Amino acid sequence: VQLQASGGGLVQTGGSLKLSCAASRAIDSIYAVGWFRQAPGKQRELVVSITRGGNTNYADPVKGRFTISRDRAKNTVYLQMGSLKPEDSAVYYCAARSILSSPYNGWGQGTLVTVSS
């Protein structure tokens with residue numbers, strides 16, 4: 001499966017942004033989709049994931065501010081980001097785990113989010 005993230009941009013502190021992750025096949029055929037981010041000089045980190053069954057796992061820094069959702073008809077997973085902070089600035093990627101035991105793959109080009117102070 002291949003995924004492509006989009007929707008990044010420049011936003012002020014406290015603002016909101018919605019990212020989209022389009023999958024090349026039905027998201028119901030995928031065990032989990034995750035949103036990741038990588039800031040300059042830092043390791044890529046998991047932001048949030050959602051399983052086929054709808055279970056979500058948010059990283060502590062984004063709990064209460066970010067929301068993951070999905071549109072099965074469009075094979076798309078969304079990341080609604082709110083109360084953005086400069087430390088949220090990063091390239092955001094999405095990836096998929098086809099089955100529980102597989103690593104995340106299908107990485108596409110990320111989308112840049114810049115939060116100005």
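Please state the charge dipole magnitude for the stretch 41-117, taken about the Cα centre, from unit charges on C-beta atoms (+1 on K and R, -1 on D and E), reported in debye and rounded to the nearest 20.
240
What order do you get for 58-66, 89-97 when each peptide is scored by the mean count of other beta carbon atoms within 10 Å, highest first?
Per-residue mean Cβ counts within 10 Å order the peptides as 89-97, 58-66.
Put +1 on the Cβ of each Lys and Arg and -1 on the Cβ of each Asp and Glu in the stretch 5-117; which of Gly54, Gly64, Gln12 then has its Cα farthest toward the positive end of the dipole?
Gly54
Using a 7 Å offset from the Cα along the Cα-to-Cβ direction at both Gln38 and Ser6, what is the distance between the two label points in nm, to one decimal?
2.2
Excluding residues on the same chain fewer than 8 positions from Lys74, give the lysines whose Cα lies under 25 Å from its Cα.
Within reach: Lys18.
Kindly state, as a whole number, the per residue volume in cubic angstrom of the convex hull around the alpha carbon atoms of the stretch 1-80.
107
Determine the percent antiparallel among the DSSP beta bridges restricted to the stretch 9-117, to the nearest 5.
Expressed as a percentage, antiparallel bridges in the stretch 9-117 total about 90.
Report relative contact order for the chain in percent, whole number only (criteria: Cα-Cα under 8 Å, sequence separation at least 6).
Values: 300 pairs, mean separation 44.9, N = 117.
Contact order relative to length: 38 percent.
For the chain, what does the accessible surface come to per residue with a 1.4 Å probe? Please give it in Å².
51
Considering only protein heavy atoms and a probe of 1.4 Å, how much of the accessible area of the stretch 1-75 is carbon and sulfur, as a whole percent?
45
The values are calculated or read from the model by the stated rules, or taken from the named source; none is laboratory data. Just so it is clear, the model here is predicted, and its values are computed rather than measured. Note: ideal-geometry Cβ built from the backbone for every residue, glycine included; neighbour counts use all protein chains shown. Areas reflect the complete protein model, heavy atoms only, side chains present, ligands, DNA and RNA absent. Shrake-Rupley method; radii C 1.70, N 1.55, O 1.52, S 1.80 Å.
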